[in-house]
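This report refers to the structure that appears directly beneath it.
The values are calculated or read from the model by the stated rules, or taken from the named source; none is laboratory data. In this text, all values refer to a predicted model and were calculated from it rather than measured experimentally. As a convention, Cβ positions derive from the backbone with ideal geometry for all residues, glycine included, and neighbour counts pool all protein chains shown. We work out accessible area using only protein heavy atoms, side chains counted, and drop any ligands, DNA or RNA first. Shrake-Rupley method; radii C 1.70, N 1.55, O 1.52, S 1.80 Å.
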Amino acid sequence: MTKLFKKLFAVLASFLLLISITILSVLWTFSNKIPDYKFLKSYKPPVSSKMYSGNGEVVADFSKEKRIFVPYSAIPKNVINSFLAAEDKNFFSHPGIDAKGVVRALIRNIQNIMSSKRLEGASTITQQVAKNFLLTNEVSLNRKIKEAILAFRIERALSKERILELYLNQIYLGSGAYGVAAASLEYFDKSIKELNYNEAALLAALPKAPSKYNPYRNIELAKYRRDLVLKNMYENNFLSQKKYIDLKSKPIELKKNKKIFSEDAQYYIEDVRKSIIDKLSYEKVYNQGYNINTPINLDLQKISTISLRNGLISYDRRKGWRGPITNINYTTDWFKKINKKNFLENSIGWKIAIIRKVNQFSANIEIENKEEGVIEYKDISWTKKEFLELLKKGDVIYVKQVKNNLYSLQQLPEINGGIVVMDPFTGRVFALSGGFSFNNSEFNRSSQALRQPGSAFKPFVYALALENKYTPSSLILDAPLVLDQGEDLKKWKPENYGKKFYGPSTLRTGLEKSRNLMTVRISRSLGIDKITNFSKKMKIYKNPEELLSISLGSAETTLLKLTSAYCTFVNGGKLIEPIIIDRIQDGEGNTIINNENRKCINCDQISFTGKEFPIIKDNYPQVLSPETAYQITSFLQGVVERGTGKKLRKLGLNIAGKTGTTNENTDAWFIGFTSNLVIGVYVGMDNPKPLGKFETGSKAALPIFKEFVKKAVKKSDSRPFKVPQNITLMVIDPNTGEKAKFTSKNTIIESYKSENVLNGKVLYSDNDRLDTNNILKFY
């Protein structure tokens, strides 16, 4: 008996030894092939960078995956308990593998096999971390062994809290959301700290099958799974019976994350995105969770985009109807048959429709979503055609809903343009739109399109003249001029718009009426080198050719640069640069980029009372004297009162601005400003060609400016422009530039530098007040 026992013991010991050796061999073999897990100690998951408006609203999200990292300490207990109940109730007690769970899953799977049901897993949260971070989703014994080994090692290397932190920030929870924080925003539009148990249970229900249990796809199935999680929470003493019954009876309440960013801001967003990638690199921007603060004002952005679109549509309608997008045979699935590649997406409120029937005074249409509608005659009147000659059955067109089932006929403009809205004192860009539709064309006409500014450049010539001893009353001859441009080049004969000549006129009149001949004469007097150098100093042009035609805006620049340069007239002569990014901070709040160019003197040492104000100083270079800047502002107010911008007078606001039109009306501009906003508008073709007769800056661009100002600027915000101390105001005759007589009927208030006034009289320089012959010779 003893011998038999010894033999059985020897056999059993040998068997156990063999199994041990086998297990050790397997572990040793797999241990040498598993990935390095030590990086998990300091691992930070890729986090999206977010762009914020000036008011703190989320405008855009730059990411490969929607994820917001939150530390374990910031994750509330109800979220943690929900996931533990759903995924791994013994998490805080097992060493990485849950033996009880494995046995339980084994028994259930035997039953599932017998009843042809799906097999269950027994992976712990630690195993899921190992799989998600270090392994693939391959279903094999090989992977499960590696997963188990890694789970043990991870448990030895990391705390339970760190493992749970990794899991809850990495797990995919459907609808593109990774981690509990992103999912909380996606499904409930709230932070995880605000989640109740019902909401936390729904999130915990998703890891098992994110698509299957997605509440946006199947809310009944999602509720069934959520209720199972609540039951688990009750069974594991996370909830009382009363609380469980109460929560189970409640429906799922979703609130889609409000995405503020839209088509309106896409040009601005793209410029910001390209700028930060250029500064920080693509990988950092899309993985390191930067907070990007920008000056964008979403209200002004929306107004500017709508104003631009309306202006472009208005121009396009003046040119008439060009025909339908295409024509096809109508079938019930017509929308599937058309090529949508070049179609404008429904991002601006338009829809695609097909003509079902054309009547004498209306047309019946079917919208892309199978809805039926009607176009009435008043909604095609702009085409100046009758229905029967305008449309036919099968025409595919753009429409916009007017009300109920009534629609208006739309046409995608061939013309395009841009609009920029800036703070003249800091350069912060409040709004920027670079075209009719970003989805249709990503090319930014505000920041990328190089175009001739035409007469919109003239204020800088006149500003330089005022800096060089000219006065607002200096007389310049407006008469024919022929100039030699050099060998083998034709003589240049500049002309005024309308080809008229007005004789000696004041400097102010030259700018108000946008006289080309006067501007060229001033430029010859100053010297073309001064003009080109000044334009470079103002950062309008980079390396312009030294030709006299530059004074009439023949060199190329962008709308953003020109609008920025106009800020100098409002802010007292200081050069600012456009700012589309205020500040960038990393995920821990460290400032990486700060574009603030002003300082508050002693603000960290003084406590201010209601009678004291902080002193703000800036580092902006002074490129014009405050007096000259104000004089040009006054001239440009005259443009609105008496010149090419007089269509703005009815607004009754303190506005200044200048139109710009290039040869053959190829490009149209209007740059204008109030006391606290500068607005630039450009209109033109992407492939430059004439816009048509009379399509000047006053007709094509100014109405866009006008609509924006009408909607965005209150009368209380349109304050008078600040007059510098060394400016003397005098009542003069605008035609002669001389002090007005008591009997004069036509007078204006002119601004002179105090150094040019003595005892109420203007002191003219040697170059002023010359007779016609001398003016002709000098200029």
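Data table
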{"quantity": "Test: residue in the range 401-416 that is open to solvent by less than 10 Å² (accessible area, probe 1.4 Å) and of a type in the set (Ser, Thr, Tyr)", "calculated": "yes"}
{"quantity": "One residue from LYS243, LYS255 being open to solvent by 50 Å² or more (accessible area, probe 1.4 Å), farther than 30 Å from TYR43 by Cα and modelled with pLDDT under 90", "calculated": "LYS255"}
{"quantity": "Some residue of the range 200-220 being in a helix (DSSP H, G or I), among the hydroxyl-bearing types (Ser, Thr, Tyr) and farther than 21 Å from SER123 by Cα", "calculated": "no"}
{"quantity": "Residue in the range 478-485 that is open to solvent by less than 30 Å² (accessible area, probe 1.4 Å), over 26 Å from LYS574 (Cβ atoms), in a loop (DSSP other than H, G, I, E, B) and modelled with pLDDT under 95 present", "calculated": "yes"}
{"quantity": "One residue from LEU560, LEU653, LEU552 being surrounded by 20 or more Cβ atoms within 10 Å (Cβ to Cβ), closer than 30 Å to LYS715 by Cβ and among the aliphatic types (A, V, I, L, M)", "calculated": "LEU560"}
{"quantity": "Long-range neighbours under 6 Å by Cβ, at least six apart or interchain, first residue in contact (Cβ under 8 Å) with a residue 24 or more places away in the chain within the range 365-389, second among the hydrophobic types (A, V, I, L, M, F, W, C) and open to solvent by 40 Å² or more (accessible area, probe 1.4 Å)", "calculated": "GLU368/PHE335"}
{"quantity": "Answer residue from the range 36-51, given it is open to solvent by 50 Å² or more (accessible area, probe 1.4 Å) and outside any loop (DSSP other than H, G, I, E, B) and is nearest to ALA204 (Cα to Cα) among those", "calculated": "LYS41"}
{"quantity": "The range 735-748 - residue that is within 20 Å of LEU758 (Cα to Cα), of a type outside the set (Ser, Thr, Tyr) and part of a loop (DSSP other than H, G, I, E, B) and, of those, modelled with the lowest pLDDT", "calculated": "PHE742"}
{"quantity": "The lone exception for PHE430 - which of (1) open to solvent by 40 Å² or more (accessible area, probe 1.4 Å); (2) farther than 30 Å from LYS761 by Cα it fails", "calculated": "(1)"}
{"quantity": "Residue check, LYS385 open to solvent by 10 Å² or more (accessible area, probe 1.4 Å), in contact with a strand residue (DSSP E or B) (Cβ under 9 Å, 6 or more places away or on another chain), modelled with pLDDT under 95 and not hydrophobic (A, V, I, L, M, F, W, C)", "calculated": "no"}
{"quantity": "Conditions (1) touching a strand residue (DSSP E or B) at 6+ places or on another chain (Cβ under 7 Å); (2) crowded, with 23+ Cβ neighbours inside 10 Å; number of the one not met by THR662", "calculated": "(1)"}
{"quantity": "Residue pairs meeting the criteria (Cβ under 9 Å; at least 6 apart or on separate chains; first more than 17 Å from GLY573 (Cα to Cα), in the range 527-539; second among the hydrophobic types (A, V, I, L, M, F, W, C) and not in a helix (DSSP H, G or I))", "calculated": "ILE528/LEU547; THR532/LEU547; THR532/ALA555"}
{"quantity": "Residue count, the range 52-84 (criterion: in contact with a Pro (Cβ under 8 Å, 6 or more places away or on another chain), at pLDDT below 90 and surrounded by 15 or more Cβ atoms within 10 Å (Cβ to Cβ))", "calculated": "4"}
{"quantity": "Residue among LYS739, LYS710 that is under 29 Å from the mean Cα position of the chain (by Cα) and open to solvent by 80 Å² or more (accessible area, probe 1.4 Å)", "calculated": "LYS710"}
{"quantity": "Top-ranked residue of the range 349-368 - restricted to ones that are part of a loop (DSSP other than H, G, I, E, B) and touching a helix residue (DSSP H, G or I) at 6+ places or on another chain (Cβ under 6 Å), ranked as surrounded by the most Cβ atoms within 10 Å (Cβ to Cβ)", "calculated": "GLU368"}
{"quantity": "Complete set of residues in the range 487-503 that are surrounded by 12 or more Cβ atoms within 10 Å (Cβ to Cβ) and more than 44 Å from the chain's Cα centre (by Cα)", "calculated": "PHE501, TYR502"}
{"quantity": "Cross-chain or 6+ apart pairs with Cβ under 6 Å, the range 449-474 first and over 12 Å from ILE531 (Cβ atoms), then of a type in the set (Ser, Thr, Tyr) and in a loop (DSSP other than H, G, I, E, B)", "calculated": "GLN452/SER554; GLN452/THR662; GLY454/THR662; SER455/SER514; LYS469/SER765"}
{"quantity": "Any hit, the range 489-507, residues being of a type in the set (D, E, K, R) and more than 20 Å from ASN663 (Cα to Cα)", "calculated": "no"}
{"quantity": "Unmet requirement for VAL723, which otherwise passes all of (1) part of a helix (DSSP H, G or I); (2) in contact (Cβ under 8 Å) with a residue 40 or more places away in the chain", "calculated": "(1)"}
{"quantity": "Scope the range 193-205; condition of a type outside the set (Asp, Glu) and within 33 Å of the chain's Cα centre (by Cα); matching residues", "calculated": "LYS193, LEU195, LEU203"}
{"quantity": "Answer residue from the range 270-300, given it is touching a strand residue (DSSP E or B) at 6+ places or on another chain (Cβ under 8 Å) and of a type in the set (D, E, K, R) and is most open to solvent (accessible area, probe 1.4 Å) among those", "calculated": "LYS279"}
{"quantity": "Selection within the range 369-416 - among the hydrophobic types (A, V, I, L, M, F, W, C), within 30 Å of ALA668 (Cα to Cα) and either part of a strand (DSSP E or B) or within 32 Å of the chain's Cα centre (by Cα) (or both)", "calculated": "ILE397, VAL399, LEU409, LEU412, ILE415"}
{"quantity": "Candidates ALA177, ALA99 - the one that is at pLDDT below 80 and either of a type outside the set (Ser, Thr, Tyr) or surrounded by 19 or more Cβ atoms within 10 Å (Cβ to Cβ) (or both)", "calculated": "ALA99"}
{"quantity": "Selection from the range 174-194 of residues that are over 20 Å from PRO251 (Cβ atoms) and either touching a residue at least 12 places away in the same chain (Cβ under 8 Å) or of a type in the set (A, V, I, L, M) (or both)", "calculated": "GLY176, ALA177, TYR178, GLY179, VAL180, ALA181, ALA182, LEU185, ILE192, LYS193"}
{"quantity": "Matching residues in the range 439-463 - criterion: being open to solvent by 10 Å² or more (accessible area, probe 1.4 Å), touching a Leu at 6+ places or on another chain (Cβ under 6 Å) and under 15 Å from ILE540 (Cβ atoms)", "calculated": "SER447"}
{"quantity": "Pair list, Cβ < 6 Å and 6+ apart or interchain, from the range 429-443 residues that are closer than 16 Å to GLY684 by Cα to residues that are of a type in the set (Phe, Trp, Tyr) and not in a loop (DSSP other than H, G, I, E, B)", "calculated": "SER433/TYR267; GLY434/TYR267"}
{"quantity": "Criterion violated by LYS458 - all others in (1) basic (Lys, Arg); (2) part of a helix (DSSP H, G or I); (3) modelled with pLDDT under 95 satisfied", "calculated": "(3)"}
{"quantity": "Tally, over the range 524-549, of residues that are among the aliphatic types (A, V, I, L, M), open to solvent by 10 Å² or more (accessible area, probe 1.4 Å) and part of a loop (DSSP other than H, G, I, E, B)", "calculated": "1"}
